[in-house]
1. With a 1.4 Å probe and all protein chains kept in place, how do A:Met32, A:Met95 rank by accessible area, largest first?
2. In whole angstrom, how long is each semi-axis of the equivalent ellipsoid of the protein assembly as shown, when you take the square root of 5 times every eigenvalue of its Cα gyration tensor and sort them from largest down?
3. If you take the alpha carbon radius of gyration of chain B and divide it by 2.2 N^0.38 Å, what ratio comes out, to two decimals?
4. What is the distance in Å between the Cα centres of segment B:1-52 and segment B:77-112?
5. Are there any residues in segment B:56-103 with a reduction of at least 50 Å² in accessible surface when going from the isolated chain to the assembly of protein chains? Probe 1.4 Å, please list them by number.
6. Spelling out what I want: for every residue of segment B:85-94, take phi, set θ = phi - 60°, compute 6.51 cos²θ - 1.76 cosθ + 1.60 (Karplus), and round to whole Hz; glycine and proline get x.
7. Given points 7 Å out from each Cα along the Cα-Cβ axis, report the A:Asn84 to A:Ile60 separation in nanometres with one decimal.
8. Determine the shielding of peptide B:24-31 by partner chains: average, over its residues, the number of Cβ atoms on other chains within 10 angstrom of each Cβ.
Amino acid sequence: DGGITQSPKYLFRKEGQNVTLSCEQNLNHDAMYWYRQDPGQGLRLIYYSQIVNDFQKGDIAEGYSVSREKKESFPLTVTSAQKNPTAFYLCASSMVAGGVVTQYFGPGTRLTVL
Amino acid sequence: KQEVTQIPAALSVPEGENLVLNCSFTDSAIYNLQWFRQDPGKGLTSLLLIQSSQREQTSGRLNASLDKSSGRSTLYIAASQPGDSATYLCAPHTGGGNKLTFGTGTQLKVEL
């Protein structure tokens, strides 16, 4: 079954704790992305990676960190420095076919800070 | 910086109506534009991708048009059904890094 998996589906965290969200893809895509979605707002890009061992900050990277040690995996750590981490987090990957880039999304992780 | 606006923000219609969802963007130098569907609490599903060189793209009851020079795209849904109820997001692809910029979406409800 090909696709993007995110775990866990729901995550609860106490203030001051770091937490890591998992994203795995078996689509053989080179690029992967993390977005944050808040109610009434569009998706905002946190970090993206176009190739293994390389990643770039998106629009709202403060308080987050990522790694890209394997092509299939792009975990996101929400640190205690993130002031308002409660949100819905979406992971995506993209393929290039005929010069056209198409993004595919995982099912999301809902993070709640207690 | 690319900014994307979607109008209307919400729409409620009876089953069977034909619908038009609008998307406008400020930077017309795009490579392509994707339309997505999002069900409550779920990830995004890609509906249509329209390339910058194309004017239209069709999939079943969905038709997306693109007027790149004026910074507009339209998603047309024919003969709407209750199963079409969802939030529809447009996202132009601009610049390096294969990044998309998302609008805030149109929340559609199709009633029996």
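1. Numbers: A:Met32 0, A:Met95 70 Å².
Largest to smallest exposure gives the sequence A:Met95, A:Met32.
2. Semi-axes, largest first: 29, 21, 16 Å.
3. Values: Rg = 13.4 Å, N = 112, 2.2 N^0.38 = 13.2 Å.
My calculation over the Cα atoms of chain B gives 1.01.
4. 3 Å
5. Checking the loss per residue gives B:Gly97, B:Asn98, B:Lys99, B:Phe102.
6. Listing the rounded values in order: 4, 4, 9, 10, 10, 10, 8, x, 9, 10 Hz.
7. If labels sit at A:Asn84 and A:Ile60, their model points lie 0.8 nm apart.
8. 0
The values are calculated or read from the model by the stated rules, or taken from the named source; none is laboratory data. Bear in mind the structure is a predicted one, so any value in this text is a computation, not a measurement. With ideal geometry, Cβ positions are generated from the backbone for all residues, glycine too; neighbour counts draw on all protein chains shown. These area figures cover heavy atoms from the full protein model, side chains too; ligands, DNA and RNA do not enter into them. Shrake-Rupley method; radii C 1.70, N 1.55, O 1.52, S 1.80 Å.
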